[in-house]
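Bear in mind that the values in this text are calculations on the coordinates, not laboratory data. Everything numeric here is computed off the predicted structure, so don't read it as measured data. So basically every Cβ, Gly included, is an ideal-geometry build from the backbone, and we count neighbours across all protein chains shown.
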Amino acid sequence: MPCVGLLSLELHFPAARSLKDKRAVLRSIKDRLRQLNVALAEIDYHDLRQRSRLAVAAVGSEQHLVQRSLLSVVEEMERKGTGVIVSSQVEWLS
C-alpha cells in the first residue's frame, strides 16, 4: 500500500526587498527540491514579499522511505540557507 507524506513549510526571506526577489529565491528552491523527487507548490502568502508557505508531497511504498525523503527536503533548505524555516508540519495521507 503506498504512503503519501505532505510537508508544509512556512518560510521567511529576510533579504527579499520585493516580490520579484522572493519569486527568484522560490524558483531556485523549487528547482533544487524537484531533484529530490518530490512535488511542491507555493500555497500561501503569494502577496507578501518576505513570507511563503510551501507544500511538498512525496509518495513511496513505505512510510519510513517517505519520511526520509521529506527530511532530506528540510535538510536541503537548511543547508542552502536561502530562507528561514519558521515552521514545518508533516501529515500522512492514506
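Of the numbered conditions (1) within 10 Å of the chain's Cα centre (by Cα); (2) surrounded by 14 or more Cβ atoms within 10 Å (Cβ to Cβ), residue 41 satisfies every one except a single condition; which is it?
Of everything listed in (1) within 10 Å of the chain's Cα centre (by Cα); (2) surrounded by 14 or more Cβ atoms within 10 Å (Cβ to Cβ), residue 41 misses just condition (2).
Please work out if residue 52 is without any contact (Cβ under 8 Å) to a residue 60 or more places away in the chain, surrounded by 13 or more Cβ atoms within 10 Å (Cβ to Cβ) and either part of a loop (DSSP other than H, G, I, E, B) or touching an Asp or Glu at 6+ places or on another chain (Cβ under 7 Å) (or both).
Here the answer is yes, as residue 52 does meet what is asked.
Take the residues in region 44-69 that are of a type in the set (Gly, Ala, Ser) and under 16 Å from residue 91 (Cβ atoms), then tell me which one is farthest from the chain's Cα centre (by Cα).
By that ranking, first place goes to 60.
Pick from 33, 70, 11: which is under 20 Å from residue 1 (Cα atoms) and touching a residue at least 40 places away in the same chain (Cβ under 8 Å)?
70
Might you check whether a residue that is touching a helix residue (DSSP H, G or I) at 6+ places or on another chain (Cβ under 6 Å), closer than 22 Å to residue 91 by Cα and assigned to a loop (DSSP other than H, G, I, E, B) occurs anywhere in region 22-36?
yes
What number of residues within region 58-91 are hydrophobic (A, V, I, L, M, F, W, C), closer than 24 Å to residue 23 by Cβ and surrounded by fewer than 16 Cβ atoms within 10 Å (Cβ to Cβ)?
4
Hey, among the residues in region 73-86 that are touching a residue at least 60 places away in the same chain (Cβ under 8 Å) and assigned to a helix (DSSP H, G or I), which one's farthest from residue 4 (Cα to Cα)?
Restricting to residues being touching a residue at least 60 places away in the same chain (Cβ under 8 Å) and assigned to a helix (DSSP H, G or I), the top hit is 77.
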